[in-house]
1. Taking 41 Å as R0, compute the FRET efficiency from the Cβ-Cβ separation of Y20 and V156 and round it to 0.05.
2. Once you place label points 7 Å from the Cα toward the Cβ at V9 and L164, how far apart are they in nm?
3. Using R₀ = 30 Å, calculate the FRET efficiency as 1/(1 + (r/R₀)^6) where r is the Cβ-Cβ separation of A139 and F77; round to 0.05.
4. Go through V83, V9 and list them by solvent-accessible area, largest first, probe radius 1.4 Å.
5. Measure off 7 Å from each Cα along the Cα-to-Cβ vector at M187 and S36, then give the distance between these two points in nanometres to one decimal.
6. Rounded to the nearest 0.05, what FRET efficiency do S148 and A28 give with R0 = 35 Å and r taken as the Cβ-Cβ distance? Could you check?
7. Let me check I've understood the local charge: for A144, count other residues with C-beta under 13 angstrom from its C-beta, Lys and Arg +1, Asp and Glu -1. What total comes out?
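The values are calculated or read from the model by the stated rules, or taken from the named source; none is laboratory data. All values derive from a computational prediction rather than experimental measurement. With ideal geometry, Cβ positions are generated from the backbone for all residues, glycine too; neighbour counts draw on all protein chains shown. For accessibility, only protein heavy atoms count, side chains too; no ligands or nucleic acids. Shrake-Rupley method; radii C 1.70, N 1.55, O 1.52, S 1.80 Å.
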Amino acid sequence: MCAGVVPAVIGMAPSGAVFYGVYDLLKARHLAALTSELNLSSDSMQQQSHQQQQHVELPVLYSLLYGALAGAAAETFLYPLEVIRRKMQLQSMAAGAAVAAAAAPTMLRQHGLKAASGALLPTGAGAGSFGAAGVPGTAAGRIAAACSAIVRADGVAGFYAGLLPNMLQVLPSAALSYGTYDTVKHMLGAV
């Protein structure tokens, strides 16, 4: 089963929009500031005309920084969807364990094994609040059940549980992604 696919798909477009939007905003503001500095520091109209013809490039260090900030913004904005996706996957696994636990005695008898005081059965296996099949049937029902479980367990802060360790992965990845992109784009444009 593909538990958690709906929140993952829902998050794709907004993630890209936030990621690229924040990066482009930061880059545009920086380049505008660089351009205005060049225009203010020029002494004559000829120098100003020559500098305007030159294309101002964002320094690589700033590209890395703005990429990391864009990644942090996108991750912070969309992290709750990631938590919901994980919770849905755990609920699906728990539902599968409940079904397996219900079938275990029959399977054990068929194979001539004895469940030594229930040691082979998963702990806490049961349908719980998700109905006989384990999880509500519709995607909206599964999402609502996941959200409800998160709020019950940890409150609204539960939607951001684990954000900091995740940022340790996202920040370097996003920074390197944009640093490489801008560097290669500049190299190809110069050829």
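1. Numbers: r = 28 Å, r/R0 = 0.68.
Efficiency for this residue pair is about 0.90.
2. Between V9 and L164, the simple spin-label model gives 3.6 nm.
3. Numbers: r = 22 Å, r/R0 = 0.72.
Calculated transfer efficiency: 0.90.
4. Numbers: V83 20, V9 85 Å².
My answer, sorted largest first, is V9, V83.
5. It works out to 3.4 nm between the two label points.
6. Details: r = 41 Å, r/R0 = 1.18.
After rounding to 0.05, the efficiency reads 0.25.
7. Numbers: positive: K87, R142, R152; negative: none.
Result for the neighbourhood of A144: +3.
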